[in-house]
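Take a look at the structure set out below.
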Amino acid sequence: MPTLFIDPGKLAHELQLERAVLADDAVNGSVEQWQEIATVWAHIEPAGAGMVFYGGQSLAEITHRITLRGRGDLKSGMRLRKGARIFRLVTIHDPDETGRYLVCRAREEGL
């Protein structure tokens, strides 16, 4: 497989990588909270927009392709945040299997 060229100069968006952690709430239950684990630089590209049917209603869905430097701790279900914008990671793959970069498909939340 040929090595994929990704221009590192395009990694111009500063994002916070977050993972979900469970914390106790006031009534002996648990609540999901987000913990920042790193700041990363990435390239964000819109990939698609459409409507999905969920819970008896139509919801807007916007997806993005986010490219960042390789990391061993990145997993689907984590999220990237840029200010108030939140990108939930759906898939993660190494496009040329060199470990240099990861390309993530992400769904933007809160639209």
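The values are calculated or read from the model by the stated rules, or taken from the named source; none is laboratory data. All figures in this text were calculated on a predicted structure; none of them were measured in a lab. Here the Cβ is made from the backbone with ideal geometry for all residues, glycine too, and neighbour counts use every protein chain on show. Please note that ligands, DNA and RNA were not included when accessible areas were found on the heavy atoms of the full protein model with its side chains. Shrake-Rupley method; radii C 1.70, N 1.55, O 1.52, S 1.80 Å.
Sorting Trp34, Trp41 by accessible area puts them as Trp41, Trp34; the probe is 1.4 Å, largest comes first, and only protein heavy atoms count. Each listed q (0.14, 0.18 Å⁻¹) maps to a log10 I(q)/I(0) for the chain, found by the Debye formula over equal Cα scatterers with no solvent: -0.64, -0.95.
Surface exposure of the stretch 1-72, expressed per residue as accessible area with a 1.4 Å probe, stands at 70 Å². Under the combined filter of DSSP loop state and at most 16 neighbouring Cβ atoms within 10 Å, the stretch 18-111 retains these GluC sites (Glu not before Pro): Glu97. A Cβ-based charge dipole, computed about the Cα centre of the chain with Lys and Arg at +1 and Asp and Glu at -1, lands at about 220 debye.
In sequence order, the stretch 35-50 has phi-based couplings of 10, 6, 10, 6, 10, 10, 10, 8, 10, 10, 10, x, 10, x, 9, x Hz under the Karplus curve 6.51 cos²θ - 1.76 cosθ + 1.60, θ = phi - 60°, and Gly or Pro positions carry x. Here the relative contact order of the chain, from alpha carbon pairs under 8 Å that lie six or more residues apart, stands at 24 percent. Per-residue SASA remark: Ser58, around 70 Å² accessible (1.4 Å probe; ligands, DNA and RNA not included).
Could you work out what % of the accessible surface of the chain is carbon and sulfur, using a 1.4 angstrom probe and leaving DNA, RNA and ligands out of the count?
So the carbon and sulfur contribution to the accessible surface is 51 percent.
Based on every Cα atom in the stretch 15-69, Rg and the maximum pairwise Cα distance Dmax equal 16.3, 42 Å.
Sorting the Cα pairs of the stretch 64-111 by distance into bins of 10 Å, from 0 upward, gives 28, 55, 16, 2 percent per bin.
Modelled this way, with points 7 Å down the Cα-to-C-beta line, the labels at Thr91 and His13 are 1.8 nm from one another.
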